[in-house]
1. So which residues in region 51-68 are within 20 Å of S100 (Cβ to Cβ) and open to solvent by less than 20 Å² (accessible area, probe 1.4 Å)?
2. Quick check: is even one residue across region 114-134 open to solvent by less than 20 Å² (accessible area, probe 1.4 Å) and among the acidic types (D, E)?
3. Is there a residue being in contact with a Ser or Thr (Cβ under 6 Å, 6 or more places away or on another chain) and open to solvent by 30 Å² or more (accessible area, probe 1.4 Å) anywhere in region 209-220?
4. I need a count of the residues in region 1-21 that are open to solvent by less than 10 Å² (accessible area, probe 1.4 Å) and either among the β-branched types (V, I, T) or free of Cβ contacts under 8 Å to residues at least 12 places away in the same chain (or both).
5. What number of residues within region 253-288 are open to solvent by 30 Å² or more (accessible area, probe 1.4 Å) and modelled with pLDDT of 95 or more?
6. Among what's in region 138-161 and is open to solvent by less than 60 Å² (accessible area, probe 1.4 Å) and assigned to a loop (DSSP other than H, G, I, E, B), pick the residue that is nearest to L224 (Cα to Cα).
7. Name the residue that is most open to solvent (accessible area, probe 1.4 Å), counting only residues in region 162-204 that are farther than 30 Å from V67 by Cα and not in a loop (DSSP other than H, G, I, E, B).
8. Kindly evaluate P77 against the criterion of being farther than 22 Å from E249 by Cβ, crowded, with 16+ Cβ neighbours inside 10 Å and either in contact with a Ser or Thr (Cβ under 9 Å, 6 or more places away or on another chain) or among the aliphatic types (A, V, I, L, M) (or both).
Amino acid sequence: MTTLLSLGHGYSARALARRLVPQGWRIHATTRSAEKAEALKAEGVIPHVFPGEDLSAALGEATHLLVSAGPDEAGDPMLRELGDTIAARAGALDWAGYLSTTGVYGDHAGGWVDEATPLTPSTRRGKWRVAAEAEWQAIPGLRLHIFRLAGIYGPGRGPFSKVRSGKARRIVKPGQVFSRIHVEDIAQVLEASIRRPNPGAVYNLCDDDPAPPQDVIAHAAELLGLPLPPEEDFAEAEMTPMARSFYAESKRVRNDRIKDELGVRLFHPTYREGLAALLDASEEDAPD
């Protein structure tokens, strides 16, 4: 039986599980709370509250490993807790995946980056990710694949609720562009990699259309038939430090490798298809 151990089973990992569980996969997944564990159980996943539970049996059973937990200033939290156990088990795993971020490339003033671009992060979180990638790559015998994710959106993470509530703003910073990826496309790339493992590979996960954030908000309003949200200059806009930090870097991310090597054809090649699909799929987001 193919068995996946999902460490830090979050939004993207749950999308992958929805594809694998119907195919007969057995999935062990960690979460931080008993409440979330019950929700995962309802999705056909075997939950483990972690830190807390002993994962040695789940890891011993696993044929595949997916790591979604983010690092902190002390390094990767899963390796702190499980590093020796994972290292001992590494050679028995058919596939391992680590979910990173395109933030590792740093700022390129709107220019293009690909998987060969040097890692020059400018944010604290980006530097943590570079260090975490290196930690995982250093495990001998681990058949590791790194997935650098652009901005994630999908069900429950679209702009429609803010637009409808009147709280959305079109923050404008000249030259600013972001790459994005729909969560279902993340799931299909991960599954494609599992089917075609290539240990050591790094993949950028993003769609075909890097775009200014204000364009995405404007399109969401258009789909809803609502007026354009107000435009605000980035320099004067009230934002949390976390939100403002996302604007510190601007780049366009290439995704050729997932297409050429894994044969992926994106379900949502631009935010336009992605937002339309979200609207069609959710009564909550549908126009009145």
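The values are calculated or read from the model by the stated rules, or taken from the named source; none is laboratory data. Worth saying up front: this structure is predicted, and the values here are computed from it rather than measured. Counting neighbours? That spans all protein chains shown, and the Cβs are built from the backbone with ideal geometry, glycine included. Keep in mind that these areas ignore ligands, DNA and RNA; they rest on the heavy atoms of the full protein, side chains included. Shrake-Rupley method; radii C 1.70, N 1.55, O 1.52, S 1.80 Å.
1. Listed by number, the residues that qualify are H64, L65, L66, V67.
2. Taking every residue of region 114-134 in turn, at least one turns out to be open to solvent by less than 20 Å² (accessible area, probe 1.4 Å) and among the acidic types (D, E).
3. For region 209-220, residues in contact with a Ser or Thr (Cβ under 6 Å, 6 or more places away or on another chain) and open to solvent by 30 Å² or more (accessible area, probe 1.4 Å): present.
4. Summing the residues that are open to solvent by less than 10 Å² (accessible area, probe 1.4 Å) and either among the β-branched types (V, I, T) or free of Cβ contacts under 8 Å to residues at least 12 places away in the same chain (or both) in region 1-21 gives 1.
5. 14
6. P159
7. The selected residue is K162.
8. The answer is no for P77.
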